[in-house]
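Visitor: Take this structure first; my questions come after.
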Amino acid sequence: MSRLRIPAWATSRLSIGTTLGSKGLLAAALVGAVFTATPAEAAWGVPCPLPQVRSAPPDQSWLKDVAEKPGSRSRGKVAVFVFKGDDVYEPVRAAVVRTLRKRGLNVTATLRPVDSPKQYREMSYTLNLAVFVEGEVSGEGAGQTVLIRLRSGLTGEHYATAKFSGATQEIVGNVGRTLWTRVGSATIHACSKASKPRQREVEPTYIEAGTPLESTPVGS
């Protein structure tokens with residue numbers, strides 16, 4: 001009579017079951033099931049990581065120029081330059097742009113500053129700009145400070161400043177609530193003066209001609 005050969009893995013299970021009894025046999029069966037299960041079957045008891053939810057970036061539509069509605073007339077055209085030190089999404093400058101637009105001003109946020117009062121006057125005349133707004137953010141966290149300066153397009157010089165302190169969201173809220181009360185009257189005055197007819201600054205252009213060339217006959 002031939003003997004029944006039992007595989008080694010079955011022998012190990014039987015020996016465990018014989019030694020430990022029914023409880024041991026059950027434990028061995030569970031261990032074997034884990035080792036022989038497919039990855040998909042073995043992973044059912046492992047908690048799956050929740051998908052990461054990334055917050056959407058803030059609305060950046062304020063960067064686009066808003067066309068004036070037919071038949072409407074703005075109180076003046078204003079350019080708001082990039083604020084030095086502002087966050088990546090420029091929350092402080094965005095608050096300034098939105099605040100001025102709510103007050104009926106035509107605001108552009110696409111221009112770059114120039115170097116001198118004369119150049120600001122020239123830009124003002126060419127683009128019909130009444131006011132230029134500059135800003136700088138310094139510090140971090142609750143110790144941040146924002147200095148906003150407004151420049152007249154008519155003179156090219158600063159005519160008003162406003163300073164805000166605190167964390168970014170606090171500054172943004174205060175800009176929306178109090179910026180206009182601080183600089184609104186002076187801004188309307190600057191826009192009114194810039195809207196009046198004015199002459200363009202023109203300086204005579206001199207060309208250094210040098211010494212006239214002598215006319216020498218060819219072949220002489």
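The values are calculated or read from the model by the stated rules, or taken from the named source; none is laboratory data. What you see is a predicted model, and the numbers here were worked out from it, not measured in a lab. Neighbour counts run over all protein chains shown; Cβ positions are idealised from the backbone, glycine included.
Visitor: Which pairs do you get when a residue that is free of Cβ contacts under 8 Å to residues at least 24 places away in the same chain, found in the range 95-116, comes within reach of a residue that is assigned to a loop (DSSP other than H, G, I, E, B) and surrounded by fewer than 17 Cβ atoms within 10 Å (Cβ to Cβ), reach meaning Cβ atoms under 8 angstrom, with the pair 6+ apart or on two chains?
Guide: Listed pairs, sorted by first residue: none to list.
Visitor: Moving on to the next point. Based on this model, can you work out whether residue 114 counts as aliphatic (A, V, I, L, M), at pLDDT below 95 and in a loop (DSSP other than H, G, I, E, B)?
Guide: No; evaluated as a whole, the condition is false for this residue.
Visitor: Would you check if residue 82 is modelled with pLDDT of 95 or more and either in contact with a strand residue (DSSP E or B) (Cβ under 7 Å, 6 or more places away or on another chain) or in a loop (DSSP other than H, G, I, E, B) (or both)?
Guide: Criteria met by residue 82.
Visitor: Looking at 90, 140, which one is closer than 24 Å to residue 163 by Cβ, within 18 Å of the chain's Cα centre (by Cα), surrounded by fewer than 17 Cβ atoms within 10 Å (Cβ to Cβ) and among the acidic types (Asp, Glu)?
Guide: 140
Visitor: Further question on the same structure: For the range 134-178, give me each residue that is free of Cβ contacts under 8 Å to residues at least 40 places away in the same chain and assigned to a loop (DSSP other than H, G, I, E, B).
Guide: 139, 140, 144, 155, 166, 167
Residue-by-condition table, conditions (1) under 26 Å from residue 115 (Cα atoms); (2) surrounded by 16 or more Cβ atoms within 10 Å (Cβ to Cβ); (3) charged (D, E, K, R); (4) out of contact with any Leu (no Cβ under 8 Å at 6 or more places or on another chain):
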| residue | (1), (2), (3), (4) |
| --- | --- |
| 154 | yes, yes, no, yes |
| 181 | no, no, no, yes |
| 192 | yes, no, no, yes |
| 202 | yes, no, no, yes |
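Visitor: Okay, moving on. Looking at (1) of a type in the set (Gly, Ala, Ser); (2) assigned to a loop (DSSP other than H, G, I, E, B); (3) under 23 Å from residue 73 (Cβ atoms), which one does residue 124 not meet, given that it meets all the others?
Guide: (2)
Visitor: Among the residues of the range 127-137 satisfying the criterion of being crowded, with 16+ Cβ neighbours inside 10 Å and aliphatic (A, V, I, L, M), which is farthest from residue 77 (Cα to Cα)?
Guide: Among those residues, the one meeting the criterion is 137.
Visitor: Being modelled with pLDDT under 95 and closer than 30 Å to residue 168 by Cα narrows it down to one residue among 95, 56, 109; which is it?
Guide: Every option except 56 fails the conditions.
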